[in-house]
Each structure stands twice: as structure tokens, then as C-alpha cells.
Amino acid sequence: MFQLDGTELHYRKLNEQIKLLAQKIENIQIDNVSGQPYIGAGLTGKLQLIINGVPGNNLGVFMDGAEIFVHDNAQDLIGNTMNEGKIVVHGHCGDVIGYGMRGGEIYIRDRAGYRAGIHMKGHEEKFPVIVIGGTVGDFTGEYMAGGVIIVLGLNSEEPLVGDYLAVGMHGGAIYLRGEIDEETLAPGVGILPMDEKDLFLLRRHVKEYCAHFGENMEQIMAKKFTKIGPLSHRPYKRLYSY
């Protein structure tokens, strides 16, 4: 494990050092991180990056295969246009996580902000996954085209999701641990039946969430989940003429 000190280190210099080290070693720990954006931009390969402190916006942007573990909160745009890899946050995170995400996995221990998974999509064999242990804000799954978002609502009395859930969603699925009033859903999406494939997928990713954060999988899975998905793959087709 190679240790870097992020105290007052500019994000460009920090990323330069990460990329140089990644050519030789597979485990890097960065201490005293305080808001530097773009950490881990474009990382590839088997690198494991451990961050102690709060990283800034665009953590893991364009990432393609590395793993990042944050032992604190994180800011906005985690996993922006991420293609592969894993990001694990031992705390809360900000808005717009997984924007345009095409593959890989994001695990948030606690709450996430607005617009989680906006424009999230699969790409060829890629299958993006976001698991949020707490609650999530407005516009979750906005224009979502693929992959899954799982919201567990642990240790919170807040509503599982905010307003405008799945606006413009035309692919993928959102799994909510609990019930939701179908009348609150955006036009074009609804509550869908679940089958064994859904349960297999849920158990797989909830198990990993529990492994990262020390939760009990069977207790989490004992509560009913609700599956939200699009009723059409072209929700706005009536708005256009041909």
C-alpha cells in the first residue's frame, strides 16, 4: 500500500501522481483529501484507490476498471460517465451520481442527493448498478435508459425517494425497499411485477452492499421491494411527427 498526502495538493498534481504510481502498484491510499475534484479520472486496470477525506465533484469520472473506496462523505457527480469499475462511499454523497453511467457499480452507505442515475444506460455488455443505503432526492432515474438503481432506506424516517421519480425513464429498473403510491410516479412508468431474476439481482447487490458496510442481508431482504420501470421504451413518441 503506497500512501499519498493530499494536503493542499492540486487535483491535477494528485491525479498525475496516481497515474504514475498505478503503472507499478495496485494499492494507493490518499490521506487528508479535502474537496479535490476529478480524483481517479479515467482510471483503468486493477488499481484500488483508498481515499481518507471528502473528495470533490466528478470522483471516478470516465473510470474504466479501477476501484475507489471513500472513508468519508463525497460530493456531486460520482461516477460521471463511468464505464467499468467500482466506487464505494462510507457516508453520504451529493447530487447527480452515476450521470450517463454505462457500466460498473456504485455503493453509497447513506443518503444520496438529487438526480441519481440521470441518463444512466447500459452499453453493449455493460450493466451499471447504483445501490443507495439511505434515501435519495428528487428526479431519481431521470431519463434512465438501462441498468438498475436500488434504494434501501436504512436508518431513516424520510421518504425513500423525492418527487419526480423516473421522469422520462425508458429502460432499466429501480428497486425500492418498501412501498410507493403509484399515483406519485411520473407518466410512462409504473410498478412492475418481480420474478426470480429480479430477486437474484437484488440479493447479489444487497449482499455486496452488506459486505462493504457491515449490514445484515437477510434483515434487509425480509422487507418487500417495489420494482419501478417504464411502461414504454418510447415515452415521448407522441410529441414528434414523422
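The values are calculated or read from the model by the stated rules, or taken from the named source; none is laboratory data. Note that the structure is a prediction, hence the values are computed from the model and not measured. FYI the Cβ positions are ideal-geometry reconstructions off the backbone, even for glycines, and counts take in every protein chain you see. Side chains are part of the model used for accessible areas, which takes the heavy atoms of the whole protein and leaves out ligands, DNA and RNA. Shrake-Rupley method; radii C 1.70, N 1.55, O 1.52, S 1.80 Å.
General remarks:
- Straight Cα distances below 22 angstrom link Lys24 to the lysines Lys13, Lys46, Lys86, with same-chain residues fewer than 8 positions distant left out.
- The distance from the alpha carbon centre of segment 5-70 to that of segment 92-139 is 19 Å, rounded to a whole number.
- Difference of contour (0.36 nm per residue) and Cα-Cα distance, Leu199 to Asn27: 58.5 nm
- Surface share of carbon and sulfur [accessible, 1.4 angstrom probe, percent] for segment 1-103: 46
- Sparsely packed GluC sites (Glu not before Pro) within segment 1-83, loop by DSSP, other Cβ within 10 Å at most 12: Glu8
- Between the amide H of Phe225 and those of Gly178, distances stay under 5 Å, these residues lying 5 or more places away or on another chain, with hydrogens modeled in the peptide plane.
- Taking the longest Cα principal axis of the chain as reference, the axis of helix 11-22 is set at about 80 degrees.
- For segment 177-183, the Karplus equation 6.51 cos²θ - 1.76 cosθ + 1.60, evaluated at θ = phi - 60°, returns couplings of 7, x, 9, 9, 6, 4, 5 Hz by residue, with Gly and Pro reported as x.
- Between amide H atoms placed 1.01 Å from N, distances below 5 Å from Ile68 occur with Leu49, Lys86, Ile87, Val88, all of them 5 or more places distant or on a separate chain.
- Surface per residue (accessible, 1.4 Å probe) for the chain, Å²: 49
- Relative contact order of segment 73-144, taken over Cα pairs closer than 8 Å and 6 or more residues apart, is 29 percent.
- Principal-axis analysis of the Cα atoms of the chain puts helix 196-213 at an angle of about 30° to the longest axis.
- Over 32 Å between alpha carbons, listed pairs Lys121/Lys223; Lys126/Lys223; Lys121/Lys207; Lys19/Lys227: Lys19/Lys227
- Mean separation of Cα pairs under 8 Å and 6 or more residues apart, divided by the residue count, gives segment 132-226 a relative contact order of 27 percent.
- [x] 27; [y] 20; [z] 23, with the label sought being that of the calculated percent of Cα pairs over 32 Å apart: [y]
- Normalising the average separation of contacting C-alpha pairs (under 8 angstrom, six or more residues apart) by the number of residues puts the relative contact order of segment 122-177 at 40 percent.
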